[in-house]
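What follows is one structure encoded as structure tokens, with my remarks underneath.
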Amino acid sequence: MVLNVRRKPAAPPAPRYRQAAETISGKYGQHLVGPIAFEERALKLEADPAGLRELALALRDDPALGFNYLSCVSGVDMKDHIQVVYHVHSLANVLTAQLRVKLDRDNPVVDSLVPVWPGANWLERETYDLVGVQFAGHPDPRRILTDDDFVGHPLRKDYLPPAYRQHGSKA
Amino acid sequence: MTTTEKLVPLDQQEAEEPFDASQDLILNMGPQHPSTHGVLRLVMRLRGERVVKCTPVIGYLHRGIEKIFESRTYMGGIRYCDQFEYISNMLNEHAYVGAAEALLGVEVPRRAEYIRVIVDELSRCSAHLVGVGTYVLDLGAWTPVTYCFRERERILDLFEALGGSRFNHNYFRVGGVLFDLPTGWLGTLEKFLGDFGKLLDELEELVSGNEIFRARTVGVGVIPQDVAVAYSLSGPNIRGSGVPFDMRTYRPYGAYPELDVQPQVRYGGDCFSRYEVRLYEMREAIRLCRLAMANLPGGPIQARVPHAVRPPKGEAYFTVEGAKGDLSLYMVSDGLSQNPYRAKVRGPSFVNLQILPRLVKGCTMADVVAILGSIDIVLGEVDR
């Protein structure tokens, strides 16, 4: 289908993003999977789940990077795997990075990043609750939005909601 | 501001005292307590008047908005954005359509971007009026909240004239806005902005210098700068701690790069600083509205977008500065469907609330109300 849309030309990433990408791939390349991609205002990294916490600590503590602010943790069920996407900001260097890990769908376990960014606490609990990702080492791994006795993870693509009852229906 | 406190990871600082049945009391506050601003439940362990431990329990208002997004079209989801955060609706719609536009790669007409700035700033004012008004109401002052809601009514009247509804505006569209400004709307807005500036002077005189208000807020609930960053606070909460982190300048979007936004920063880190940031953000919003009105360009208000919005495969992360802070949408498209494959809402109230147990530890029971009110949460967005 041809979209009849006037497209905005994609702006090239600022030079500071290229410098940050070179720093990351040079020093911490062993934790990465695949090359670093750019958006207009974001670095896109894919991390090896085993080295996620080391990479996150390095991103936070390296003075050239300084990613000290965790903005968002999102879990996405991609049907053949589950991915967890972290968006982090570096307030000092005005950088944004998108960190992604791909997990096995049947046993999605990844290291918790609460020791690195304490703000990850409720965001990871929410991801566990709705998508079913287990965060190893989380200080309080309980459900947060749904009930404690809720069964299933609603944002999984194969989740079936309870039968929709109408008046007179047998369901 | 420097801090002497060393930042301890959360899993190490929970060395809590054992429950002592002879002097400890478990007190349940909420979910129907008026000062919890909705359906927040706080389970508190008190020793005398002091809070030993506080556990927030949320989820009473969970409606599964993110699940609903997956079964609605891109245009159909805008209407649900009004409902997860029901105080500053326009800002939520901006985050949602911004993510959809980033997926689609559509260029929004400049007039639409300027109209968005005006309604965003008005929406921010209406949210801060509720925030400030109910905050002083929590602390025992009855009069200011009536002033605040009187002015908020006028903002809602303006929105009603614009889009037809007072609360669930459904005004933003992917690629622009729904209607152009009606005749005479800008004149009404100008008159409102003049009166609103006077109200803010009045409010500041009435509240900021009030001895009781100052006694209950100055030096209470102090968040040091590094703790605010580590706990991912945003909005007035982080700017009250001296961090000039404002998405309108950090990741500028829409027409904001063309306007000179000045983030309001205070350095106290206490409840009073957060209140003051909100008050001065309303003044800043008046200035930005006037600036956008003066520079309002002509032209179309809606880009050419197909009726069935079906973006190419990809993902987008769009951030706006909501009334409570960093309001972001992470949207994934599978390239086939007319519905978002996944739309994750990063709600600022949800993330801001998680610092509460740390803040109220060791405070008196009365300070819990003061601290909770100063964080300024909306439970619809905490629970989504």
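The values are calculated or read from the model by the stated rules, or taken from the named source; none is laboratory data. Note that the structure is predicted; figures quoted are calculated from it, not measured. Neighbour counts are summed over all protein chains in view; Cβ atoms, including those assigned to glycine, are modelled from backbone coordinates with ideal geometry. The area values use the complete protein model at the heavy-atom level, side chains included, leaving out ligands, DNA and RNA. Shrake-Rupley method; radii C 1.70, N 1.55, O 1.52, S 1.80 Å.
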Considering residues that are open to solvent by less than 30 Å² (accessible area, probe 1.4 Å) and outside any loop (DSSP other than H, G, I, E, B), the number found within segment B:291-338 is 15
Restricting to segment B:36-47, and then to whatever is of a type outside the set (A, V, I, L, M) and buried (at least 18 other Cβ atoms within 10 Å of the Cβ), can you tell me which residue is nearest to B:Ile355 (Cα to Cα)?
B:Thr36
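This table checks each residue for (1) free of Cβ contacts under 8 Å to residues at least 40 places away in the same chain; (2) not acidic (Asp, Glu).
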residue	(1), (2)
A:Ser71	yes, yes
A:Ser74	no, yes
A:Met78	yes, yes
A:Tyr86	yes, yes
A:Leu91	yes, yes
A:Leu95	no, yes
A:Pro118	yes, yes
A:Asp129	yes, no
A:Pro141	yes, yes
Residue within segment A:105-115 that is open to solvent by 50 Å² or more (accessible area, probe 1.4 Å), part of a loop (DSSP other than H, G, I, E, B) and not aromatic (Phe, Trp, Tyr) present:
yes
Looking only at residues that are of a type in the set (Ser, Thr, Tyr) and closer than 12 Å to B:Val382 by Cβ in segment B:19-76, which one is modelled with the highest pLDDT?
B:Tyr60
Exception for B:Val243 within (1) open to solvent by 10 Å² or more (accessible area, probe 1.4 Å); (2) farther than 24 Å from B:Ile115 by Cβ; (3) more than 14 Å from chain A (Cβ to nearest Cβ); (4) β-branched (Val, Ile, Thr) falls at (3)
Go over the candidates A:Arg105, A:Arg125, A:Arg165 one by one and state the one that is modelled with pLDDT of 90 or more and of a type in the set (D, E, K, R).
A:Arg125
Within segment B:346-384, residues being more than 9 Å from chain A (Cβ to nearest Cβ), crowded, with 23+ Cβ neighbours inside 10 Å and outside any helix (DSSP H, G or I) number 4
B:Gly30 passes all but one of (1) open to solvent by 20 Å² or more (accessible area, probe 1.4 Å); (2) at positive phi; (3) of a type outside the set (S, T, N, Q); which number fails?
(1)
Residues of segment A:16-38 being within 14 Å of chain B (Cβ to nearest Cβ) and crowded, with 18+ Cβ neighbours inside 10 Å, which ones?
A:Tyr17
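For segment A:66-91, which positions are more than 7 Å from every other protein chain (Cβ to nearest Cβ), in a strand (DSSP E or B) and farther than 17 Å from A:Glu39 by Cα?
First, pick out the residues of segment A:66-91 that are more than 7 Å from every other protein chain (Cβ to nearest Cβ): A:66-67, A:73, A:75, A:77-84, A:86, A:88-90.
Imposing the further condition that a residue be in a strand (DSSP E or B) reduces the set to A:73, A:75, A:77, A:82-84, A:86, A:88-90.
Residues satisfying the conditions are A:Val73, A:Gly75, A:Asp77, A:Ile82, A:Gln83, A:Val84.
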For segment A:155-170, check the following and say yes or no: at least one residue is farther than 28 Å from A:Thr23 by Cβ and facing chain B (nearest Cβ under 8 Å).
yes
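Restricting to segment A:143-158, count the residues that are open to solvent by less than 40 Å² (accessible area, probe 1.4 Å) and free of Cβ contacts under 8 Å to residues at least 24 places away in the same chain.
The total comes to 5.
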Identify all residues within segment A:117-129 that are open to solvent by 10 Å² or more (accessible area, probe 1.4 Å) and either closer than 14 Å to A:Val151 by Cα or basic (Lys, Arg) (or both); write none if there are none.
A:Arg125, A:Tyr128
Unmet criterion (only one of (1) surrounded by 22 or more Cβ atoms within 10 Å (Cβ to Cβ); (2) in a helix (DSSP H, G or I)) for B:His169
(2)
Of everything in segment B:130-166 that's within 22 Å of the chain's Cα centre (by Cα), of a type in the set (S, T, N, Q) and in a helix (DSSP H, G or I), which residue is surrounded by the fewest Cβ atoms within 10 Å (Cβ to Cβ)?
B:Thr146
Search segment B:48-59 for residues that are crowded, with 18+ Cβ neighbours inside 10 Å and pair each with any residue that is of a type in the set (Ser, Thr, Tyr) and part of a loop (DSSP other than H, G, I, E, B) when their beta-carbon atoms are under 9 Å apart and the residues are at least 6 apart or on different chains.
B:Gly59/A:Thr146
Given the criteria aromatic (Phe, Trp, Tyr) and surrounded by fewer than 22 Cβ atoms within 10 Å (Cβ to Cβ), does B:Phe213 qualify?
no
Working carefully through the options B:Glu85, B:Glu93, find the one that is among the acidic types (Asp, Glu) and at pLDDT below 90.
B:Glu85
Among the listed residues B:Asp195, B:Asp180, B:Asp226, which satisfies the condition of being charged (D, E, K, R) and not in a helix (DSSP H, G or I)?
B:Asp180
Among the residues listed as B:Tyr267, B:Tyr253, B:Tyr275, the single one being open to solvent by less than 10 Å² (accessible area, probe 1.4 Å) and part of a loop (DSSP other than H, G, I, E, B):
B:Tyr253
Filter segment B:77-129 for residues that are more than 14 Å from chain A (Cβ to nearest Cβ), part of a helix (DSSP H, G or I) and open to solvent by 20 Å² or more (accessible area, probe 1.4 Å) and give the result.
B:Arg79, B:Tyr80, B:Gln83, B:Arg111
